[in-house]
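Take a look at the structure set out below.
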Amino acid sequence: MIQWIPPNMIDYVFTAKIKQTSAGSYNHELKVEYFAIGEEVDGDNYILLDRQRDVFTPTHENKRSHAFSGNPVLCYAYNDFYSDRRGKK
């Protein structure tokens, strides 16, 4: 009899952080986009887990920095009948 093993599930929240490092002021709007790409565990496949866009202007009030996050992304890993580990990392 083969016993079923429940998958390991983890929620990830991806965040992009941007900070101006130059001393001068930059009063223009910046469009920021990030891509979170996951790799299959013990495999060679990739998947787009999250993609977010945001807009901000670096100012003295926001310390010339900005951070934004996406929604939680559920990733899982499980063992198949032959004990090969599969999932996303």
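Computed quantities for the displayed model
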quantity: Entirely in segment 19-69, the strands (runs of 3 or more DSSP E) that have 1 or more residues that are exposed (fewer than 15 other Cβ atoms within 10 Å of the Cβ) and β-branched (Val, Ile, Thr); calculated: 30-39, 46-56
quantity: Residue within segment 48-67 that is at positive phi and modelled with pLDDT under 90 present; calculated: no
quantity: Hits in segment 1-18 - residues which are at pLDDT below 85 and assigned to a strand (DSSP E or B); calculated: Asn8, Met9, Ile10
quantity: Scan of segment 59-74 for residues that are out of contact with any Leu (no Cβ under 6 Å at 6 or more places or on another chain) and touching a residue at least 40 places away in the same chain (Cβ under 8 Å), ordered by number; calculated: Lys63, Arg64, Ser65, His66, Ala67, Phe68, Ser69, Gly70, Asn71, Pro72, Leu74
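The values are calculated or read from the model by the stated rules, or taken from the named source; none is laboratory data. Only a predicted model underlies this, so the values are computations on that prediction, with no experimental measurement involved. We place every Cβ from the backbone using ideal geometry, glycine too, and count neighbours over all the protein chains shown.
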